[in-house]
Amino acid sequence: MLSLAHLSRIRMVMVETSLSANIGSAARAMKTMGMSNLVVVNPHENPLSEQAIARASGAQDILERVVQVPTLEEALQGCELVIGTSARDRALPWPMLTPREIPQQIATVGAEGDIAIVFGRERSGLTNEELARCHYHVHIPANPDYSSLNIASAMQIIAYEVRLAMLQGEESGRAGNEEPQLRARAEDLEGFFQHLQAMLVDIEFADPNNLKQLMIKLRRFHMRAQPEPVELNILRGIVSQTQKTIGRLKDV
Ligand code: SAH
């Protein structure tokens, strides 16, 4: 059942935010909805700046507990479900959710897994490589002629939808029909993709100087499949064995 307890397992991740004032506003948006885990990846300004604290307006405790990391990979450690947000359509479409459909996915995450919702840079959003680390993309269906919300406003809408669904879940006591779904964690998926890429170069399937598009397509395929840890181990085993065999053939 979806409950407010899920809120503690959700981390809001802000990637390379330019203005610390936006981090402050984001902290406020989160606190009003009962969320507290804010992770910032390589922000341009100090998240505890005067402007940030002023915008947080009473949500300074969230800023004080902000986790600052240098890479998105570190921000996603331990996450079984990763959702990326985007203000516009991307060249390579990904499984999409509206903000209202997010809680349904959160409800499928088992008791051990964390959930990340990732927000992009004020100017350019998330890169395609960053979006490729996500299971789903979320687009707030805004005015198509002017669809880019302020980052903290986008966060507010998403946090509100999640909270509302959780309140409704608690009120109704309804078990929901979601089966817990085991998903491999972000760091294990990343390890697999790195390994797969190396193997594809080893077997001369891929050109080491021209891997980007191929890897994004392969990432999309695997993220869509949402492999379980055991399934990912099998895939990794296949990659390892392929490398061993190709190594032996090369030695002959
Ligand atoms: N020009 C950028 C706009 C970034 S807005 C772009 O096209 O992506 C900064 C961040 O706010 C985005 O990366 C996203 O995290 C969030 N955001 C803004 N508008 C949004 C929308 N309509 N749907 C989902 N997220 C949005």
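Structural remarks
- For the range 193-247 versus the range 1-62, the spacing of their alpha-carbon centroids is 35 Å.
- The dipole here belongs to the chain: it is taken about the Cα centre, uses +1 on the Cβ of Lys and Arg and -1 on the Cβ of Asp and Glu, and is about 300 debye.
- Taking all protein chains into account, the per residue accessible area for the range 103-252 stands at 56 Å² (1.4 Å probe).
- Proximal charge balance of residue 118 [Cβ under 10 Å; K/R count +1, D/E count -1]: +1
- Label-reachable residues, the range 129-172, where backbone N falls under 17 Å from a point 7 Å from residue 5's Cα toward its Cβ: 166-172
- Under 5 Å between amide hydrogens, built in the peptide plane, is the criterion, and for residue 37 it picks out 12 among residues at least 5 positions away or on other chains.
- Tensor-based shape of the range 145-234 (alpha-carbon gyration tensor, a/c under 1.5 rounded, otherwise prolate or oblate): oblate
- The range 72-199: C-alpha gyration tensor shape, a/c 1.5 cut-off, then a/b vs b/c: oblate
- Prolate/oblate/rounded call for the range 186-251, Cα gyration tensor, a/c under 1.5 rounded: oblate
- Highest mean packing comes first when the peptides 213-226, 69-82 are listed by Cβ atoms within 10 Å, giving 69-82, 213-226.
- In the range 1-137, the DSSP beta bridges split such that about 5 percent are antiparallel, to the nearest 5.
- Taking the range 1-149 and dividing mean pair separation by its residue count, relative contact order in percent (alpha carbons under 8 Å, at least six apart): 29
- Remark: relative contact order (the range 186-251) = 52 percent; criterion is Cα-Cα distance under 8 angstrom and separation of 6 or more residues.
- Rounded to 0.05, the FRET efficiency of the residue 203 and residue 61 pair, given R0 = 45 Å and the Cβ-Cβ distance, is 0.30.
- Accessible surface of the range 186-251, 1.4 Å probe, proportion on carbon and sulfur as whole %: 55
- DSSP beta bridge pairing in the chain, given as percent antiparallel to the nearest 5: 5
- Mean Kyte hydropathy of -1.0 or more with a Cα span along the axis of at least 27 Å, helices from DSSP in the chain: 151-172, 229-251
- Other residues lying with their Cβ under 12 Å from the Cβ of residue 211 contribute a combined charge of +1, Lys and Arg counting +1, Asp and Glu -1.
- Accessible surface of the range 4-172 [probe 1.4 Å, protein heavy atoms]: carbon and sulfur percent: 49
The values are calculated or read from the model by the stated rules, or taken from the named source; none is laboratory data. None of the values given here were measured: they were computed from a predicted structure. With ideal geometry, Cβ positions are generated from the backbone for all residues, glycine too; neighbour counts draw on all protein chains shown. Remember, those area values only see protein heavy atoms, side chains included, never the ligands or the DNA or RNA. Shrake-Rupley method; radii C 1.70, N 1.55, O 1.52, S 1.80 Å.
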